[in-house]
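Read the structure below first, then the notes.
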Amino acid sequence: AQALAAGDYSICAGGDQVTRAGLVGTQVAELRAALAAGQLLPHYQPIVDVATGRVRGAEALARWAHPDRGLLLPSDFIGLAEQSGLIDDLGDTILRQACRDAASWPQHKTLKISVNVSGDQLRRDDFPDRVLAHLRAAHLPAHQLVLEVTESTLAGDDPGAHEALRRLRAAGVQVAIDDFGTGWSNLTRLAALPVDVLKIDRAFVVDAGHDLRAQAMLDALFALAHRLGLRTVTEGIENHDQADVVTLSGAGEGQGWLYGRPVPAASFAASLRDSTD
Ligand code: C2E
Ligand code: MG
Ligand code: MG
Ligand code: MG
């Protein structure tokens, strides 16, 4: 028998295989199996009109209902999904389910459903067709779907990604820039981007109550959005002080623990039923 080179040994020793990307092979296999088994599903967090508190929609946030480890958050698996190429499958799974769930909500004709989209998903040639197919299958009108993309996803000079968003917007789908103000800040191109909504990162809200410069930033972002004809969703509103600060800057829509934490689909639908009574 041939002697093993030192470098081969860990591969042959059984157990986890560390790939070149530094990923543990069994973790990738586990995530793939979990996707097939339906363990990846969206939870929903309300997005409200800050001035009135009325629910305008929800953001779908991926959760992994792990049989042994309990409910896992995106920080536990999104990185793994991105590095292993499974993010495309994962994103598609969440998008399909979110369209189905939103179509079944009591106020299903008015509420918007926001879904996070990764750069990898967006760059696939068939992405627009898949989105439109999910909408059709769920009987959900395109104008009720908002796709959230990050600044960095839009930053790359990627005509394919921009073209995909333009096609989807032409079909009525809306596009939001997620975590706005924390990533790419090439404001010279903002006006030309194919977007409808700025999701203002919670970093701007955390300090706004007691820091005049933070309040000034929030005011400026609202003014910018207004002048560009973009809607705003301010993220991370945890208490009434922060809601007041956002109201002073112009209100718009908001999202945060004050209005509701992410909850399973059935709980979210139940809360909608209660609110219509
Ligand atoms: P995001 O899209 O910016 O989502 C908002 C995050 O802020 C969520 O974290 C939410 O639970 C959290 N959050 C909401 N309100 C508050 C608040 O008042 N205070 C604080 N401290 N946090 C609040 P979560 O669910 O852990 O998701 C983290 C990130 O994972 C998301 O950030 C998004 O970038 C990514 N993600 C989630 N689901 C998906 C998905 O289906 N596909 C992709 N590609 N990424 C996803
Ligand atoms: Mg988001
Ligand atoms: Mg965000
Ligand atoms: Mg975020």
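Might you tell me the accessible area per residue for segment 213-263, computed with a 1.4 Å probe and given in Å²? If you can, show how the numbers build up before the last one.
Numbers: 2660 Å² over 51 residues.
That works out to 52 Å² for each residue.
Remark: C-alpha extents of segment 126-243 on the principal axes read 47, 31, 22 Å, sorted largest to smallest.
Per residue, the convex hull spanned by the Cα atoms of segment 202-277 measures out at 102 cubic angstrom.
Would you compute the Debye intensity of segment 63-176 from its alpha-carbon atoms alone, equal scatterers and no solvent, and pass along log10 I(q)/I(0) at q = 0.09, 0.14 Å⁻¹ to two decimals? The Debye formula, applied to the Cα set alone, gives -0.25, -0.59. Solvent exposure of segment 37-140 amounts to 44 Å² per residue of accessible area, where only protein heavy atoms count and the probe is 1.4 Å. Counting only protein heavy atoms and using a 1.4 Å probe, what share of the accessible area of segment 231-277 belongs to carbon plus sulfur, as a whole percent? Exposed carbon and sulfur together represent 54 percent of the surface. As a fraction of the 1.4 Å probe accessible area of segment 95-200, surface on carbon and sulfur atoms comes out at 49 percent.
Put simply, when 156-169, 51-64 are sorted by average Cβ atoms within 10 angstrom per residue, most first, you get 51-64, 156-169.
Counting only Cα atoms, I'd like the Rg/Rh figure for segment 26-95, Kirkwood definition for Rh. Write out the running numbers ahead of the final one.
Numbers: Rg = 14.2 Å, Rh = 13.1 Å.
Across segment 26-95, the Cα-based Rg/Rh ratio is 1.09.
Calculated mean residue ellipticity, 222 nm, the chain: -13000 deg cm²/dmol, from DSSP H runs (n ≥ 4) at -39500 (n - 2.57) each, averaged per residue and rounded to 500. Packing order of peptides 214-222, 104-112, highest average first: 214-222, 104-112 (average count of other Cβ atoms within 10 Å over each peptide's residues). Compute the long axis of helix 127-138 from its Cα atoms, compare it with the longest principal axis of the Cα atoms of the chain, and write down the angle in degrees, 0 to 90, nearest 10. That helix lies at roughly 70 degrees to the long axis. The long axis of helix 74-84 is offset from the longest Cα principal axis of the chain by roughly 50 degrees. Once backbone amide H atoms are built at 1.01 Å from N, THR232 has LEU198, GLU253 as its partners under 5 Å, excluding neighbours fewer than 5 places away on the same chain. Using the alpha-carbon positions of the chain, Rg (one decimal) and Dmax (whole number) come out as 20.6, 77 Å. Rg ratio for segment 119-185: its Cα radius of gyration over 2.2 N^0.38 Å, N being its residue count, equals 1.11. Each Lys or Arg adds one and each Asp or Glu subtracts one; over the other residues with Cβ under 11 Å from the Cβ of PRO42, this totals +1.
The values are calculated or read from the model by the stated rules, or taken from the named source; none is laboratory data. Note that the structure is a prediction, hence the values are computed from the model and not measured. Note that each Cβ is placed from the backbone with ideal geometry, even for glycine, and that neighbours are counted across all protein chains shown. Side chains are part of the model used for accessible areas, which takes the heavy atoms of the whole protein and leaves out ligands, DNA and RNA. Shrake-Rupley method; radii C 1.70, N 1.55, O 1.52, S 1.80 Å.
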